[in-house]
Amino acid sequence: MQLTPIRTKGCLFTWCNKQHASDIVYSKIDWAFGNFSWTQTYGNLEADFLERGVSDHSPIVVQLWKRRNIYQKPFKLYMVTMDHKDFTPMVNRVWQQQERQDPMTLIWMKLKRLKDEAKGLNKTMASYEQRLIQIRQSLECVQVALVIDPFNQLLIEQEKQNMSDLEKWSTIEERILRQESRATWIDYGDSNSKYFYAQLKIRASKNNINSVYNDMGMKITDPKAVKKEFTDFFTQLMGKANGLMPCPNTSIIKAGNCLTLQHQHELIMDITHVDIDEAIRDMPKDKSP
């Protein structure tokens with residue numbers, strides 16, 4: 001049936017038997033599924049599980065969202081790009097550059113340069129669709145010509161080359177789609193199934209945050225308001241940056257109990273004795289330690 005679960009929000013437990021506190025049961029027994037036609041027509045689906053109200057089940061509202069990207073997409077390096085013959089020399093060339101910087105800053109600068117240089121190679125690999133179209137058209141023309149002149153050596157060699165290129169770029173297409181969908185349970189070679197492309201659409205939908213609930217239980221859908229809600233939540237959770245970081249008072253630290261080398265040695269000996277005693281106690285009774 002090519003069904004796959006839709007991303008959900010709202011109540012985690014969708015059913016309750018509404019009994020007394022000692023016999024009450026909560027469970028998630030309601031799901032929202034979408035098939036290939038849905039994911040192709042509406043790529044960004046979301047199922048909202050509402051409060052149960054007088055029923056014992058949560059109502060499900062499936063919402064269709066238009067994709068709204070207010071930020072630039074992050075750079076994604078394809079695995080097939082790393083297998084390209086020019087990728088390893090590119091990494092070596094960037095990594096051999098030396099500058100007078102602290103180690104962490106130097107690594108960050110090298111990674112940024114590598115990203116800039118790898119974009120062109122990554123874009124070449126991402127053009128698999130156009131490459132496949134061109135190769136299939138060329139193969140079709142060659143095979144039509146072979147019908148007229150079946151023993152033409154040049155056409156025969158060109159057909160073999162097109163077949164080899166078609167296999168190469170079909171494998172690249174499959175690996176890129178597998179990386180984007182991350183449907184690891186699909187066996188290698190199953191790239192033509194509609195279920196595979198449905199998983200790709202569902203994953204793209206899950207990466208998009210269209211709405212959140214605030215502390216008051218209100219649903220927020222405006223992208224700027226969603227961003228502000230995330231910022232406020234983590235600011236409250238982690239606190240704000242302080243420009244002046246006071247150092248600890250070393251005199252107070254030294255006045256307290258400190259771990260010395262003698263204490264460390266005694267602690268290690270105690271742990272070792274405990275481990276030996278437990279090992280002896282767990283050994284079979286009919287065998288001597």
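Just one of the listed residues (202, 186, 172, 176) is touching a Phe, Trp or Tyr at 6+ places or on another chain (Cβ under 7 Å), at pLDDT below 75 and open to solvent by less than 40 Å² (accessible area, probe 1.4 Å), namely 186.
If you go through the stretch 1-28 and keep only what is of a type in the set (Val, Ile, Thr) and either free of Cβ contacts under 8 Å to residues at least 24 places away in the same chain or assigned to a strand (DSSP E or B) (or both), you end up with 4, 8, 24, 25.
The residues in the stretch 82-107 that are loosely packed, with under 12 Cβ neighbours inside 10 Å and hydrophobic (A, V, I, L, M, F, W, C) can be counted, and the count is 1.
One residue is enough: does the stretch 48-59 have a residue meeting the conditions in a loop (DSSP other than H, G, I, E, B), touching a Cys at 6+ places or on another chain (Cβ under 6 Å) and open to solvent by less than 50 Å² (accessible area, probe 1.4 Å)? Looking for residues that are in a loop (DSSP other than H, G, I, E, B), touching a Cys at 6+ places or on another chain (Cβ under 6 Å) and open to solvent by less than 50 Å² (accessible area, probe 1.4 Å), one finds at least one in the stretch 48-59, hence yes. Cβ separations smaller than 8 Å between residues 6+ apart or across chains give the following pairs from the stretch 149-172 residues that are closer than 14 Å to residue 131 by Cβ and among the hydroxyl-bearing types (Ser, Thr, Tyr) to residues that are part of a helix (DSSP H, G or I) and at pLDDT 85 or above: 170/132. Determine whether residue 63 is open to solvent by 40 Å² or more (accessible area, probe 1.4 Å) and touching a strand residue (DSSP E or B) at 6+ places or on another chain (Cβ under 9 Å). Yes, satisfied. A single member of 232, 222 is over 23 Å from residue 61 (Cα atoms), modelled with pLDDT of 80 or more and among the acidic types (Asp, Glu), and it is 232. Of the residues 76, 110, 119, the single one that is assigned to a helix (DSSP H, G or I) and either closer than 23 Å to residue 208 by Cβ or open to solvent by 70 Å² or more (accessible area, probe 1.4 Å) (or both) is 119.
The values are calculated or read from the model by the stated rules, or taken from the named source; none is laboratory data. What you see is a predicted model; the values in this text were computed from it and never measured. Because the Cβ atoms are built from the backbone with ideal geometry, glycine has one as well, and the counts that use them run over all protein chains shown. These area figures cover heavy atoms from the full protein model, side chains too; ligands, DNA and RNA do not enter into them. Shrake-Rupley method; radii C 1.70, N 1.55, O 1.52, S 1.80 Å.
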